[in-house]
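Engineer: I'd like to ask you about the structure that follows.
The values are calculated or read from the model by the stated rules, or taken from the named source; none is laboratory data. Predicted model only: the values in this text are computed from it and were never measured. We work out accessible area using only protein heavy atoms, side chains counted, and drop any ligands, DNA or RNA first. Shrake-Rupley method; radii C 1.70, N 1.55, O 1.52, S 1.80 Å.
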Amino acid sequence: PEQRAALGITASSYVVGYVGRLIPAKGIETLLDAVAATPDATALVVGDGPHRGALDTHIGQLGIANRVCFTGQRPPAEVAKLMHAMDAFVLPSLTTPKWVEYFGRVLVEAMACGAPVVGANSGEIAGTIGEAGLVFPEGDARALGEHLAQLREDDAFRGSLVAKGRARAESEFTWEVIAARTVEAYHATVGPGGPC
C-alpha cells in the first residue's frame, strides 16, 4: 500500500505491472489494451526506452492516461518493492524477425517477489513460467485480459500461483541451482575432472 500511495495509485486499483525496456518488441501496447478493457485496472510500467513516446500516443488513443503510471528506470532494490505493489506481473513480449524472448529473467524476479506472472508465448517465456503462471498468445490483448480477470476474481487461484511461483524461483533459478547445473553440464561434456 505504501508503494501505491507514493505513486499516486488508488488503493482500490488492480495493479498490472511490467518491468523492462520500453521497446516495440516488448509488446507493451498489448498490456495497455488489456488494462483499458479491465475495469479499475492501473498499469505500472517500470523502465525506460526509445518507445516511450509511441506508448504515450497509444495511451492517449485509449483514453487511459489516468490509469498508467510510468516510473522510469529504478535500482534493483526499488524494483523489488514495486513488484510487491503489483497484483499481477505481465511480460507481453512479441517475436520479431530479429529477436525473441530467450529467458525472461524478470519473470523469475516477479515470482520471487510474490506477484503472479502472466507471459506471452514468445520464445522461452512459457518454459520459464512452467506451471507457476499463465501464458497467452502473443499480441492477444483479449486473452491477456481474460487471464487478468481470472487472477482478479479467484483469490484461491491467484494464491496458488503466487505459492507455485515462489517455489519455482527457489527450486529452479537461484544462483546455487544454476551453478550446480552448469557444473553438471560441464561434467556431461568433458567428464569429471575436465580434459587435463
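Engineer: If the viscosity is 1.306 mPa s and the temperature 10 °C, what Stokes-Einstein diffusion coefficient in µm²/s follows for region 16-131 when Rh is the Kirkwood radius over Cα pairs? Don't jump to the answer; show the numbers that get you there.
Structural biologist: Working: Rh = 14.2 Å.
The calculation lands on 112 µm²/s.
Engineer: Any idea how far the Cα center of region 100-115 sits from the one of region 174-192, in Å?
Structural biologist: If we compute the Cα centre of each part, the gap is 22 Å.
Engineer: Would you mind working out the accessible area per residue for region 1-150, using a 1.4 Å probe, and quoting it in Å²?
Structural biologist: 43
Engineer: Same structure, new question: Restricting to bridges with both residues inside region 1-72, how much of the DSSP beta-bridge set is antiparallel, in percent to the nearest 5? Could you put the intermediate results ahead of the total?
Structural biologist: Working: 1 of 11 bridges.
Beta bridges within region 1-72, antiparallel portion: roughly 10 percent.
Engineer: Could you give the alpha-carbon Rg of the chain over 2.2 N^0.38 Å, rounded to two decimals?
Structural biologist: On the way: Rg = 17.8 Å, N = 196, 2.2 N^0.38 = 16.3 Å.
Scaled against compact globular proteins, the figure is 1.09.
Engineer: May I ask you to derive the relative contact order of region 107-192, considering only C-alpha pairs under 8 Å and at least 6 residues apart, and to give it as an integer percent?
Structural biologist: Rounded, it is 32 percent for region 107-192.
Engineer: Relative contact order (percent) for the chain, with alpha-carbon contacts under 8 angstrom and 6 or more residues of separation? Each step should come with its number before you reach the end.
Structural biologist: Details: 318 pairs, mean separation 37.4, N = 196.
This gives 19 percent for the chain.
Engineer: OK, next. Where both residues lie in the chain, what percent of DSSP beta bridges are antiparallel, nearest 5?
Structural biologist: Working: 2 of 21 bridges.
Among the beta bridges of the chain, antiparallel pairing accounts for roughly 10 percent.
Engineer: How many percent of Cα pairs in region 83-196 exceed 19 Å?
Structural biologist: 51
Engineer: Further question: Under a 5 Å amide H to amide H cut-off, with H placed in plane at 1.01 Å, what residues pair with Ala120 once short-range neighbours are removed?
Structural biologist: So Ala120 has HN proximity to Leu91, Ser93, Phe136.
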